[in-house]
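Undergrad: Dumping the structure here so I can ask a few things about it.
Bear in mind that the values in this text are calculations on the coordinates, not laboratory data. A quick note: this is a predicted structure, and the numbers were derived from the prediction, not measured. Here the Cβ is made from the backbone with ideal geometry for all residues, glycine too, and neighbour counts use every protein chain on show.
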Amino acid sequence: MPPEQVFKTLVARGDRVGVLIAVIPANSDLDFKALASASGNKSVELVPLKDVLGLTGYIRGGVSPVGVKKSYPIYVEETAQVWETIAVSAGVRGCQMVLAPADLMRVTGAKYGAIARFV
């Protein structure tokens, strides 16, 4: 699959809402200001790597937006909608699941947003 169809999962923390999850294409960077705006925060930052396992139940490189330990707000880059299917982490480093973006949204309760900067 092309990198813009493979999505990575990042764990962030907002100054108001707390922990949230961003799902963006592999060939992009997180737009912190856009994620803050979409999530009702003034600012967001990535959580320290040492905290990822405790917050999500997944190790770095294997964080999946599906089956996270707690129910956190999830934001998916809106370009996911142009694909019939996308790949996201299946919860194990190096293992991906392929699914329709609409199914990911339904299962996770995620919201779309323009939260990525393309490099």
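Undergrad: By counting other Cβ atoms within 10 Å of each Cβ, how are V63, V107 ranked from fewest to most? Could you put the intermediate results ahead of the total?
TA: Numbers: V63 23, V107 13.
The most exposed by this proxy come first: V107, V63.
Undergrad: Further question on the same structure: Would you mind getting me the FRET efficiency between V82 and D51? Use the beta-carbon distance for r and R0 = 35 Å, nearest 0.05. Please report the intermediate quantities before stating the final value.
TA: Details: r = 33 Å, r/R0 = 0.93.
E(calc), rounded to 0.05, equals 0.60.
Undergrad: If you don't mind, another one. When only C-alpha pairs under 8 Å and at least 6 residues apart count, what is the relative contact order of the chain, in percent? Don't skip to the end; give the middle numbers.
TA: Values: 260 pairs, mean separation 35.8, N = 119.
Computed value for the chain: 30 percent relative contact order.
Undergrad: Still on this model: Take the Cβ-Cβ distance between V119 and S71 as r, set R0 to 25 Å, and report the resulting FRET efficiency rounded to the nearest 0.05.
TA: Numbers: r = 31 Å, r/R0 = 1.25.
Given R0 = 25 Å and the Cβ-Cβ separation, E is 0.20.
Undergrad: Under the √(5λ) rule applied to the eigenvalues of the Cα gyration tensor, what semi-axes describe the equivalent ellipsoid of the chain? Give them in Å, descending.
TA: Values: eigenvalues 76, 56, 33 Å².
Result for the chain: semi-axes of 19, 17, 13 Å.
Undergrad: Which order results if S28, S71, S64 are arranged by neighbouring Cβ count within 10 Å, fewest first?
TA: Values: S28 18, S71 8, S64 21.
Arranged by neighbour count, lowest to highest, S28, S71, S64 become S71, S28, S64.
Undergrad: Something else now. Could you work out how much longer the chain between S43 and M1 gets when fully extended? Use 0.36 nm per residue separation minus the Cα distance between them, nm to one decimal.
TA: 11.9 nm
Undergrad: Find the Cα radius of gyration of the stretch 64-104, compare it with 2.2 N^0.38 Å by division, and give the number to two decimals. Could the numbers behind the result be given before it?
TA: On the way: Rg = 10.6 Å, N = 41, 2.2 N^0.38 = 9.0 Å.
In units of the globular-protein estimate, the stretch 64-104 measures up at 1.18.
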